[in-house]
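Report on one structure; see the data block that follows.
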Amino acid sequence: MDCIVFRRCVLLGFLLSGVVHGLEITSQGSTSIEKASGESVKLDCQFALAPEDSGPLDIEWSLLASDNQKEDKVIILYSGDRSYEDYYAAMKGRVHFNSADPKNGDGSINLTGLKATDTGTYQCKVKKAPGIRSRKMLLTVMVRPSKPRCFIEGPSQEGKDVMLKCLSNEGTSPLQYTWEKTSDTKLLPASAVLDPMAGTMNVKNASSSASGTYRCTATNRVGTEECVLTLRVSPPPNTAGIIAGAVIGVLLALILIAIILFCCCRARNKKKYEKEISYEIREDVPPPKSRVSTARSFTSVGSQRSSLGSMSPSNLHEYALKPQYDKIPSEEYERPPAMLRHHRQARWQGPT
């Protein structure tokens, strides 16, 4: 019984030995690759078959699960003497086998138009029964620095601190910034304080000698970009002149306000005087109404006066008994002549 078990163990050992020394991955390149976005990369996977590897050949490339990815993603496959390149939609049209016939021992792939999202661990798995081998590679897709923006923060005056800043909005960390002067002596000011990670250069107590053209270069492991600015350090402003100008401006403003107030007061007093004059005219006694009289009325009155004057006591009684047909009502004294004629005609005609 022990002999039979021993023979079986020996046979199993030979079988395992054949598997181990059959299919092999022969690639010896680096397993960590860094590339810039937009570039292409070759992920190497060379293999060798043994005579005892008689099963069908399968080559499978997959993107292994990461923190943002819950499961492995097959990106390309070779099986049954045919390539399948549309497994992963995010890489459709960008991943291809390096060899037109991978079964000859070249299972490498090419990735084109790299993106930052292509970063991850890739695994090449070669299967040919009874053998199976795999190889892993870490691909890091880095973004080049975008063109930085150079600018000056704060006033550029002598005796003050002048801050030069350089900032790139895109780029894989770590980004480093360097400053250099490209004009005059091409030496940075002695008082300049640099921060290569923040991209700043602080010129302490700036003088006119700090004026000139400066260049900032943003760098990471896959590229560089730069920007240029011109610094002009101006002399300090004339404080006395500013104060004098401010005082003159205030005085002119006060004078203008005084003129406006004077004109307003004068106009108000003039208006008040005109109102008082109009009130005095209205308070005067109005003139008496003129009485409208007619020639006839004066004649009648005159004739009556003459008649009364020529009367004697003997004929006074006779005059009093005589009907007074010619007596004019008192309201007719104030009627105009035209209205008087119409009134008398109506009275003579009587009611119809």
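None of the figures in this text is laboratory data; all of them are computed from the coordinates on show. Please read all numbers here as calculations on a predicted model, not as lab measurements. Note that we place each Cβ from the backbone using ideal geometry, even for glycine, and neighbour counts take in every protein chain shown.
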When Ser234, Ser27 are ordered from fewest to most other Cβ atoms inside 10 Å of their Cβ, what list results? Ser234, Ser27
Leu256 and Ser30 label points (each 7 Å along its Cα→Cβ direction) are spaced in nm at 7.2
State the Cα centre-to-centre distance between segment 184-217 and segment 109-174 in whole Å. 28
Given labels modelled 7 Å from the Cα in the Cβ direction, how far is it in nm from Asp161 to Lys186? 3.0
Quick check: pseudo-label points 7 Å beyond the Cα along Cα→Cβ at Glu52 and Asn104, how many nm apart are they? 2.8
Kindly put Ile259, Ile152, Ile59 in sequence by how many other C-beta atoms sit within 10 Å of each C-beta, fewest to most. Ile259, Ile152, Ile59
Taking every other residue with Cβ under 14 Å from the Cβ of Asn110 and scoring Lys and Arg +1, Asp and Glu -1, one gets -2
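May I ask for the net charge around Leu188, where only other residues with Cβ less than 13 Å from the Cβ of Leu188 are counted and Lys, Arg are +1 while Asp, Glu are -1? If you can, show how the numbers build up before the last one.
Working: positive: Lys181, Lys186, Lys204, Arg215; negative: Glu180, Asp184.
With Lys, Arg at +1 and Asp, Glu at -1, the neighbours total +2.
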Quick one: order Ser99, Ser208 by neighbouring beta-carbon count within 10 Å, fewest to most. Ser208, Ser99
